[in-house]
Structure formats: structure tokens, C-alpha cells
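For reference, the structure is listed below as C-alpha cells.
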Amino acid sequence: MFTKAAVLTALTAAAFVVAAPAQAETAVTTALPTANMEAVLKAAQIDPRRADSTQTPGAHDSVLLVEQALQAKGLLEAKYVDGYFGTTTITAYSQYQKSLGYTGIDASGLPGKTSLEKLGDGRYTVTSPVSAGSRVSYRGVTINTRTKAMLLAAEKIAGITVSLTQGSYNPGGVDASAGTHDGGGAMDISVSGMSATTRTNLIKALRQVGFAAWYRTPAQGFAYHVHAMAISDPDLSSGAQHQTGDYYLGQNGLAGRGADDGPSVTKVTWEEYQRG
């Protein structure tokens with residue numbers, strides 16, 4: 001026979017069994033794919049300048065995500081969703097930037113971090129963000145903090161301090177510059193008093209830290225100076241985008257698209273240089 005205590009114990013245990021909640025199902029979440037901003041920026045500079053549809057190495061997957069998002073917004077036809085950030089994709093991205101209220105260099109078709117993240121909302125996340133930083137007055141001109149850091153690194157390599165004759169964010173400035181200084185990342189450097197060796201070493205150092213840099217001469221239609229564009233600066237003007245793209249393709253950054261006449265280096269961005 002069961003004792004009263006035993007019966008009560010059994011009933012209590014049964015109550016706990018009945019009252020125990022069913023285990024909650026484990027929620028399955030799928031991580032969003034990632035779009036590498038460094039890769040997207042590089043492709044957006046180089047691909048539009050190619051004579052064919054060769055894609056920028058390492059950029060395909062990230063560019064494809066951006067193009068798919070542009071297609072979803074009705075800004076890019078399906079046939080252009082291919083991982084190649086050509087002129088049609090540049091135009092589509094510019095239209096997207098304008099839809100956000102951006103104007104001028106902020107709607108050049110070169111992706112910035114904010115627009116890239118907004119475009120990818122719910123579709124992808126942005127990795128390896130690139131920032132131009134803030135605008136600063138430096139050595140008598142305006143540049144941004146990314147460009148300033150790059151210049152200081154190049155000067156350390158070359159062992160000299162330079163004078164700047166033109167900076168960035170200078171719309172309507174020097175006519176011969178053809179709008180390349182309208183946005184960020186642009187500098188003109190005085191070569192007054194420099195020997196040919198010092199000048200070449202300076203250009204090489206600028207290239208080593210992530211500038212597309214060339215020596216400009218009167219024969220090309222300029223006063224003597226070194227012209228430098230910070231590769232992958234998100235604030236590059238359209239003309240500057242073309243120059244940095246041409247630099248990667250072995251050209252001199254001029255309208256005639258002649259062969260590069262500067263010292264040979266491994267082409268890198270500032271971010272790649274910092275990683276070594």
C-alpha cells in the first residue's frame with residue numbers, strides 16, 4: 001500500500017511534468033553576405049576605364065552584391081549584373097546616390113560608406129570601410145585627413161618635405177586640371193629646386209603609399225609639378241576616378257591615355273600599404 005506521503009510526492013512530480021514547457025525551437029538565422037568596400041571602390045575606378053569587360057581581381061562577389069541591390073531598386077538591368085563595375089553600373093549607382101539627395105562629388109557613382117550601407121540594408125553588410133576623413137587646411141591648401149596621412153608617409157620615405165601648390169575640393173580651380181581637384185584626394189606639389197633624382201624618388205614614394213602620381217611638364221600643357229591622386233579616396237571627382245583607374249592600367253592619367261611615364265612600383269591603396 002502507498003502511504004499518504006508517497007501519493008502526494010507522486011502527484012507533485014506529475015504536476016511538474018505536465019507543467020514543464022516544451023523546449024523552444026532554436027531559431028535559425030542566416031548571416032548576410034559581405035560586400036568589401038575596398039574591393040568595390042577599386043573596381044569602380046578601374047573597370048570603367050578598361051577596353052574590355054575584364055573584372056578587377058578579388059572584386060567580383062562584392063560588386064555583384066551591389067549590382068543585385070541596384071537591380072532590385074530598378075536602377076540596373078539584369079544583363080549588367082555581372083560583377084563588372086563598368087560605366088553602366090557607375091551611372092546606376094550615381095542615380096541611387098541622387099535618390100538619397102546627394103549632389104556633386106557625393107553623387108559621382110563612386111560608392112561611399114553611407115550609401116553602400118543603405119543600399120545593402122537587408123541584403124549585405126559592408127566590410128573594410130574606407131573613409132576620406134575630414135577636410136583640413138594644410139600647407140596653404142585644403143585636403144582631407146586620409147590624404148594628409150598619405151603625404152606624410154611618402155615624405156618620410158623620400159626624406160623630404162614638400163610644398164603644395166593645389167589641394168582638393170577646389171571646383172573651378174586650375175583649368176588645366178580638368179576637374180580632377182574638384183573632389184578629395186588631389187594634390188599638386190612644387191618641384192622648384194628639386195633635382196631629377198629627388199623628384200623621381202618623391203614620385204616613387206607617393207606611389208608606394210597609394211597615390212597615382214606623375215611628373216607634369218610644359219610639353220604636356222602644364223607648369224612643372226608633381227600631380228598626385230589618392231587611390232580609392234571616396235571623395236574623388238569623376239575626372240580623378242578616371243586618372244586612378246588609368247594608373248592601374250599602366251597609363252599616364254592624361255586625356256590621350258599614353259603610357260605611364262613614372263617609376264615602376266607595386267600598385268597599392270593606402271589601406272593596403274598600411275597592412276604591409
Suppose we filter GLY184, GLY179 for residues that are in contact (Cβ under 8 Å) with a residue 60 or more places away in the chain and either more than 30 Å from GLY256 (Cβ to Cβ) or in contact with a strand residue (DSSP E or B) (Cβ under 9 Å, 6 or more places away or on another chain) (or both); which single one remains? GLY184
Looking at (1) within 15 Å of the chain's Cα centre (by Cα); (2) farther than 18 Å from SER237 by Cβ; (3) part of a helix (DSSP H, G or I); (4) free of Cβ contacts under 8 Å to residues at least 60 places away in the same chain, which is the only condition ALA39 fails? (4)
Quick check on this structure: which one of GLY193, GLY167, GLY184, GLY210 is open to solvent by 10 Å² or more (accessible area, probe 1.4 Å) and not hydrophobic (A, V, I, L, M, F, W, C)? GLY193
Filtering segment 242-264 down to residues that are in contact with a helix residue (DSSP H, G or I) (Cβ under 7 Å, 6 or more places away or on another chain), open to solvent by 10 Å² or more (accessible area, probe 1.4 Å) and under 21 Å from GLN55 (Cβ atoms) yields HIS242, TYR248, LEU249, ARG257
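The values are calculated or read from the model by the stated rules, or taken from the named source; none is laboratory data. Because the structure is a prediction, the values reported are computed rather than measured. Cβ: placed from backbone, ideal geometry, glycine included. Neighbour counts: every protein chain shown. These area figures cover heavy atoms from the full protein model, side chains too; ligands, DNA and RNA do not enter into them. Shrake-Rupley method; radii C 1.70, N 1.55, O 1.52, S 1.80 Å.
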